[in-house]
Amino acid sequence: MTRMLLQLLPPFFIFFILPVLFFFFLKPSSLKEKKEKGPSPTVTLPKAYPLIGSYLAIKAQGKRRLQWLSDIVQISPTATFTLRRHLGHRQVITGNPATVQHILKTHFSTYEKGNSLRQTLSDFLGNGIFNADGDNWKFQRQVASHEFNTKSLRKFVEHVVDAELSDRLVPILASAAAAQDQTLDFQDILQRFAFDNICKIAFGFDPEYLALSVERSKFAQAFEEATEISSKRFREPLPIIWKIKRKLDIGSEKRLRIAVSEVREFAKNIVREKKRELKEKASLESVDMLSRFLSSGHSDEDFVTDIVISFILAGKDTTSAALTWFFWLLSKNPRVENEVVKEIGEKSEEPVYDEVKDMVYTHAALCESMRLYPPVPIDTKEAVVDDVLPDGTVVKKGTMVSYHVYAMGRMESVWGNDWAEFRPERWLEKVDSGKWSFVGRDPYSYPVFQAGPRICLGKEMAFMQMKRVVAGVLRRFKVVPAVAEGVVPNFIYFLTSQMEGGFPVRIQKRVG
């Protein structure tokens, strides 16, 4: 098959591009050795070379790429720099709030997902809301927005989240606490919890993923693999590499095809069951988001399946990532944990919607945690026309422009010289009654939930879910990391962030 493919390729490709691919595939071992030695004592703009751009510098960073780009953003005079990529392509990376506002609001129509990003993620996300532009995106956002009103949020907290907590999460933690020496992967537990919740509220379907069984389902493994491999397509030095691998059905692309097939079959079964339910019942007891899409006139199975997959990604991986790092930070900051537990103690044992909404200190602590460890640490748009950024950076049509959320949470110019401290009080002020009042930051300095027209629809739902989980867990238990003293987990990301290797913890029953 490889010989047949080469016969179909033009001479230009064979004599010019193939040598470049040969260089990329034969990665020198010295690069691998270098990445293990840690960061350079001084950060400088990476060198660029003909054809390959700054590939050598990028590759040398290995798993430190996110931190390395963050460091470069912070040493750049305008918190914006241009990274030279392969074959003359450029990528603008910024941590400047004024530039973020320019991209996400002022010149919103200039910066879209774009053809390159949509194509890279199309096998996994199809035309779902997170991989859509224009009228398709507007339609999906309009239909989905009905799911995030106050009535839906109250139902979500007091029925869906409460049931998942009391019937599944708390018994698992109580069992682990009774065993004393049992270790749980809390990241996996939180992902299962969030997955059940999003399926129940958005699709009216309970996958019962958070069960006492410790085995992970085929779907969960496939979803994780599809997310990782789809994300790694962006890290290939040339897009044609993953396209050739897909054409030949080899390596990671073969694994992606198998994983996506598993994910899509799972999502299609949800859609088919909902169609059957809508057909058999004259009216449903409650109308979920999937029912609205199927009743909107856009009932094509593949299209609605794309929507289901996108919302699973949003609901499962973002809140679980935020909570994973939140519980880790609390374990390292007992003062903050005590304040959170104190606030929880002021609410009823099973706090209702209004009480959860009023958990001001916990809300601030979650914001502070996501400042340091954002669920989506970097986001990218594509310029559809030529443009000039506020700092004078020229952006040509087709250029990728990324705003670095992780870097922005570490900027002294925005957060002060104590930016490295986990201090929820930076989000709070005392009012006359002596109670805390939450003080938000503008979304362009803190774009954890994006900003402008594409700001996250589920922002309030995410906060309500996370605060209810925190209350339900910390009222009863202490979450203690099962790692050696001084060990800091690695922050990695694919489409969303993760704690590398999971979050091993021991659960202790809270006393007093």
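Screening the candidates 217, 231, 175 for the property of being free of Cβ contacts under 8 Å to residues at least 60 places away in the same chain, in contact with a strand residue (DSSP E or B) (Cβ under 9 Å, 6 or more places away or on another chain) and small (Gly, Ala, Ser) yields one hit, 175. Among the residues of region 348-373, none is identified as over 24 Å from the mean Cα position of the chain (by Cα) and within 18 Å of residue 415 (Cα to Cα). Out of 92, 73, 100, report the one residue that is at negative phi, in contact (Cβ under 8 Å) with a residue 60 or more places away in the chain and outside any helix (DSSP H, G or I). 92 is the lone residue from the list that is at negative phi, in contact (Cβ under 8 Å) with a residue 60 or more places away in the chain and outside any helix (DSSP H, G or I).
Just to be sure, is residue 154 open to solvent by less than 20 Å² (accessible area, probe 1.4 Å) and of a type in the set (Lys, Arg)? Here the answer is no, as residue 154 does not meet what is asked. All conditions in (1) modelled with pLDDT of 90 or more; (2) over 30 Å from residue 169 (Cβ atoms); (3) open to solvent by 50 Å² or more (accessible area, probe 1.4 Å); (4) out of contact with any Lys or Arg (no Cβ under 8 Å at 6 or more places or on another chain) hold for residue 273, with the sole exception of (2). Among the residues of region 332-355, how many are without any contact (Cβ under 8 Å) to a residue 60 or more places away in the chain and either farther than 18 Å from residue 468 by Cβ or of a type in the set (S, T, N, Q) (or both)? Count: 4. In region 447-469, of all residues being more than 14 Å from residue 326 (Cα to Cα) and among the hydrophobic types (A, V, I, L, M, F, W, C), the one that is surrounded by the fewest Cβ atoms within 10 Å (Cβ to Cβ) corresponds to 455.
Here's a check for you: in region 161-217, which residue that is at pLDDT 90 or above and basic (Lys, Arg) is least open to solvent (accessible area, probe 1.4 Å)? In this case the residue turns out to be 192.
Going through (1) over 15 Å from residue 318 (Cα atoms); (2) buried (at least 19 other Cβ atoms within 10 Å of the Cβ); (3) β-branched (Val, Ile, Thr); (4) at pLDDT below 95 one by one, residue 511 falls short only on (2). Would you say residue 384 is in contact (Cβ under 8 Å) with a residue 12 or more places away in the chain, over 13 Å from the mean Cα position of the chain (by Cα) and over 30 Å from residue 398 (Cβ atoms)? Answer is no for this residue. Selection within region 470-499: residues that are assigned to a loop (DSSP other than H, G, I, E, B) and touching a residue at least 40 places away in the same chain (Cβ under 8 Å). The member of this set that is most open to solvent (accessible area, probe 1.4 Å) is 490. Candidates are the residues of region 61-84 that are out of contact with any Phe, Trp or Tyr (no Cβ under 9 Å at 6 or more places or on another chain) and among the charged types (D, E, K, R); the one that is surrounded by the fewest Cβ atoms within 10 Å (Cβ to Cβ) is 63. When region 500-512 is filtered for residues that are hydrophobic (A, V, I, L, M, F, W, C), assigned to a loop (DSSP other than H, G, I, E, B) and within 26 Å of the chain's Cα centre (by Cα), only 503 remains. Residues that are touching a residue at least 24 places away in the same chain (Cβ under 8 Å), part of a loop (DSSP other than H, G, I, E, B) and of a type outside the set (A, V, I, L, M, F, W, C) were ranked within region 277-331; the one that is surrounded by the fewest Cβ atoms within 10 Å (Cβ to Cβ) is 286.
The values are calculated or read from the model by the stated rules, or taken from the named source; none is laboratory data. Treat the numbers as computed from the prediction; the structure is a model and nothing was measured. A quick note on method: Cβ atoms are made from the backbone with ideal geometry, for glycine too, and the neighbour counts reach across all protein chains shown. Note: accessible area is taken over every heavy atom of the protein model, side chains too, but ligands, DNA and RNA are not part of it. Shrake-Rupley method; radii C 1.70, N 1.55, O 1.52, S 1.80 Å.
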